[in-house]
1. In what order do PHE70, PHE205 fall by count of nearby beta-carbon atoms within 10 Å, going from fewest to most?
2. Where both residues lie in the stretch 79-252, what percent of DSSP beta bridges are antiparallel, nearest 5?
3. Taking a quarter of the surface of the convex hull around the Cα atoms of the chain, what do you get in nm²?
4. So for the stretch 270-421, averaging the separation of alpha carbon pairs under 8 Å that are six or more residues apart and normalising by length, what relative contact order in percent results?
5. Among MET117, MET240, what is the fewest-to-most ranking by other Cβ atoms within 10 Å?
6. Starting from the Kirkwood Rh over alpha-carbon pairs, what translational D in µm² s⁻¹ does the stretch 79-252 have by Stokes-Einstein at 4 °C and 1.567 mPa s?
7. In percent, what relative contact order does the chain have, based on Cα pairs under 8 Å that are 6 or more apart in sequence?
8. Near GLU87, within a Cβ-to-Cβ distance under 11 Å, what is the net charge of the other residues, with Lys and Arg +1 and Asp and Glu -1?
Amino acid sequence: MKSYIIPFILIVSTNCLGQGFTPNYDESKVPVYELPDLLTARDSTEVTTKKKWEKTRRQEILSDFETYMFGKIPDGNVQVEIKTIKESDAFGGKAFMKEVKMTFSGNGKFISMDVLMYLPRSQSNVPVFLGLNFYGNHTICVDPNITVPTSWSRNNEQFGITGNVPTGVSRGVRKSRWAVEKILDRGYGLATIYYGDIDPDKNDFSDGIHALFYDAGQSQPEKDEWGSIAAWAWGLSRAMDYFEKDRLIDEKKVVLMGHSRLGKTSLWAGAIDQRFAIVISNNSGCGGAALSRRKYGETVWRINNSFPHWFNDHFNDYSNNEDALPVDQHMLIALIAPRPVYVASAENDRWADPKGEFLAAYNAGAVYELFGLEGLPSYEMPKANQPIHKTIGYHIRAGGHDVTDYDWGAWMDFADMHFRP
Ligand code: GTR
C-alpha cells in the first residue's frame with residue numbers, strides 16, 4: 001500500500017482571535033499539523049480491509065461529522081406530497097422540461113421545494129446531474145416556463161432582488177454557471193433545486209425544514225443537531241427519493257454537484273446518502289474539501305462567525321482549535337468511497353485553499369485502496385486546467401470562485417469515464 005505523507009511545515013502561529021482576522025495566504029505560515037488517521041479505528045486497531053472500513057471505521061467517522069460539525073437529522077414524522085406542476089418542450093424540442101413540487105408537512109407546517117429537470121428527448125432512463133442553486137431555478141437559464149420561487153431570497157441589486165423576494169427579473173442571471181445545453185448534448189439530464197426552498201440561508205431556524213421536525217416546545221436545533229448544510233443535504237436526498245420513482249431518470253446514475261457552500265453540501269449529502277453515484281465539490285473550501293488544520297484562507301473560526309447557522313453548535317468548540325477536531329476534510333471525501341468523487345478548485349480562489357482541497361482529495365485515497373481502487377494518481381498538485389483522475393478526480397481551473405463551462409466539461413468527462421467506460 002502506498003504511504004500517505006502529510007507535509008510538515010514550520011510552525012508560525014496564525015492568530016485570528018477576535019475582530020482582527022486576517023486570512024493567511026502565506027504557505028510558510030501554514031501551521032504544523034497532523035491529520036487524524038483514516039485507517040485507525042477508535043479502539044486503536046488498524047483498518048486493513050474494506051469490510052472493517054464499512055462496518056466500523058466509516059460509521060465512526062460519519063458519526064463524528066454528524067456530532068461535531070454538520071449535525072444529526074432528528075427523527076421526525078414528515079409527510080411528503082409530490083406533484084408534477086409543469087411539463088413542456090425546451091431548447092427547441094431537444095429537451096423535455098419538467099417541474100415537480102415536493103411538499104413536506106410536519107408540526108402543522110408546510111415547506112415546498114420545486115425540482116426543475118431538463119432531460120434529453122432522445123433518451124429515457126437518463127443519467128442526471130443534480131445541483132442546488134443560489135437564487136432560484138429560473139436563474140439557471142432563460143426559459144420563461146420556469147416557476148419563480150416564493151421562498152426567501154438573499155437580496156441582490158444586480159439580479160433585481162429586493163425585499164428578499166425572488167423575482168422574474170432574474171431569469172437567466174446565472175446561466176453562465178449552468179451549461180444546460182452542453183449537458184443535454186452529452187446525453188445527461190440536469191436537475192436543480194433552489195436551496196432557499198429547503199432552508200433560507202440565514203441564521204433563523206423557524207422558517208426552513210428544521211421547524212417541521214421540532215419536538216413540542218422546541219424552537220432551535222439542539223447543540224448536536226443539524227444546521228443549514230445538513231438541511232440542504234436532506235432536500236437533495238428527497239429529490240433522490242423522487243428520482244427513484246421517475247422512469248425517465250436513471251436513479252443509479254445521479255451525479256451530485258455543488259458549488260461553494262453548496263459544494264460543502266454535496267460532499268455531506270454524498271457521504272450520508274450512498275444512492276448518489278458520483279459526487280462533485282466545486283470551490284467548496286472550509287467545511288468542504290479543504291483541510292481545516294491548514295488554516296489557510298477561511299478558517300473554522302471565521303466560518304462559524306460569519307455563518308453560524310451552517311453547522312451545528314458543537315462546531316464552535318473547534319474555532320481556533322482545529323487540532324482538537326476528531327475529523328478533517330480528507331475524511332469527508334473518504335466517506336464517498338468507493339464511489340467516484342471529484343474535487344475542483346480555482347487558482348484565484350485562495351479563500352477556499354486550493355492546496356488544502358487537493359491534499360484532502362489526495363489523502364482520501366487510502367480508503368479507495370481498500371477497495372482495490374486508485375484515488376488520485378499523483379501527489380503533485382497539477383497545473384491549471386490539467387485534470388487528473390482515477391476514482392478521485394481533481395482540477396484547478398484558471399480564474400476565480402465560479403462555475404464555468406470548463407468545469408462542466410471536466411465533470412462530464414469524469415462521469416463518462418465511470419458510467420460509459
Ligand atoms: C463565502 C464563504 C465560503 C463559501 C462562499 C459561497 O462567503 O466564506 O465558505 O461557501 O461564501 O458559498 O459562495
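1. PHE205, PHE70
2. Percent antiparallel among DSSP bridges in the stretch 79-252 is about 80.
3. About 20.1 nm², averaged over all directions.
4. 25
5. The most exposed by this proxy come first: MET240, MET117.
6. D = 77 µm²/s.
7. 16
8. After counting each charged neighbour, the total is 0.
Every number here is computed from the coordinates shown, using simple stated rules; none is lab data. Everything quoted here is computed from the prediction, not taken from an experiment. We place every Cβ from the backbone using ideal geometry, glycine too, and count neighbours over all the protein chains shown.
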